[in-house]
Amino acid sequence: MRIAPSILAADFAHLADDVDRVASDVEMLHVDVMDGHFVPNISLGVPVVASLRKATDLFLDCHLMIDNPGDMLDAFIDAGADGISVHVELGDPTVLIDRIRARGVRVGLVANPDTPFSAVEPYMSQIDTLLVMSVFPGFGGQSFIPEVLDTVRSARRYIDTSGAAVEIEIDGGINAVTIASAAEAGADILVAGSAVFGADDPGAAVRALSAQAQAAVAPR
Ligand code: DX5
Ligand code: ZN
């Protein structure tokens with residue numbers, strides 16, 4: 001299980017400093033790209049990914065919350081993205097999945113809180129990561145929606161029975177109160193924005209969240 005700090009909650013004027021604060025405790029940064037159309041907020045784009053790439057060797061997990069991801073895929077990958085996740089709500093993702101795969105980066109598919117597992121199931125054999133949103137995308141700092149744990153459990157069951165090589169990532173409202181339930185339900189990657197960068201010591205916050213997640217799945 002891994003914690004992926006979401007830089008959406010970092011200080012964009014001191015991004016490299018904030019990355020340094022978590023760098024020795026994580027393998028991956030979660031990068032939220034919002035276009036003001038697919039979600040009602042604008043965050044960051046290709047130039048920020050390119051700057052991050054120069055500042056860190058951490059895996060850059062790019063979550064595209066944009067209307068036309070196909071138009072931007074190559075630019076994000078050229079800028080240094082290590083993984084690209086696209087929303088299933090945009091329609092059949094097969095072409096996008098194939099294009100991301102062909103570029104040699106990790107392929108992620110995202111499901112909103114009200115999207116059932118059945119909507120992503122047909123693509124499970126083609127993806128590396130299933131990103132389950134535990135808030136409606138658009139903003140950091142929202143409250144965790146516990147109903148999405150059913151989707152995580154369905155995905156976990158599917159993976160465990162089929163042997164599909166897919167990691168489950170959960171994103172939104174993950175903090176000291178909610179992380180145990182997400183880990184217990186079967187998430188492998190836990191995205192946390194405000195709970196990490198809102199803390200006085202983001203590195204310590206990552207270590208504490210990670211310990212809580214591990215404890216939640218430890219054999220009793
Ligand atoms: C929401 C984003 C999340 C968000 C998580 O649209 O996809 O990654 O940054 O932030 P917290 O952890 O604050 O809910
Ligand atoms: Zn995200």
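Remarks
- Between LEU130, LEU190, LEU44, the GNM of the chain built on Cα springs shorter than 10 angstrom shows LEU44 fluctuating the most.
- From its DSSP helices (H runs of at least four residues, each -39,500 (n - 2.57)), the chain gives a residue-normalised ellipticity at 222 nm of -11000 deg cm²/dmol.
- Long-range amide H partners of GLU167 with built H, under 5 Å: THR129, LEU130
- The ASN41 and ALA176 beta-carbon pair, evaluated with R₀ = 22 Å, returns a calculated FRET efficiency of approximately 0.30.
- Using a Förster distance of 30 Å, the FRET efficiency for ALA204-THR94 (Cβ separation, nearest 0.05): 0.10
- Projected label distance in nm at ASP71 and HIS14, using a 7 Å step from Cα toward the beta-carbon: 3.6
- Among ALA183, ALA16, ALA155: highest mean-square fluctuation, GNM of the chain, C-alpha pairs under 10 Å: ALA16
- For region 1-59 versus region 116-158, the gap between their alpha-carbon centres in whole angstrom: 21
- Cα coordinate range in the chain, projected on the principal axes (Å, largest first): 47, 42, 30
- Note: relative contact order over region 42-167, using C-alpha pairs below 8 Å and six or more positions apart, is 19 percent.
- On the beta carbon distance between ARG103 and GLU147, with R0 = 30 Å, the FRET formula returns roughly 0.30.
- Each label point was placed 7 Å from the Cα along the Cα-to-Cβ direction; for GLU27 and SER118 their separation is 3.4 nm.
Taken together, the values in this text are just the output of simple stated rules run on the coordinates, not laboratory data. Bear in mind that the values here come from a model prediction, so they are computed numbers and not experimental data. So basically every Cβ, Gly included, is an ideal-geometry build from the backbone, and we count neighbours across all protein chains shown.
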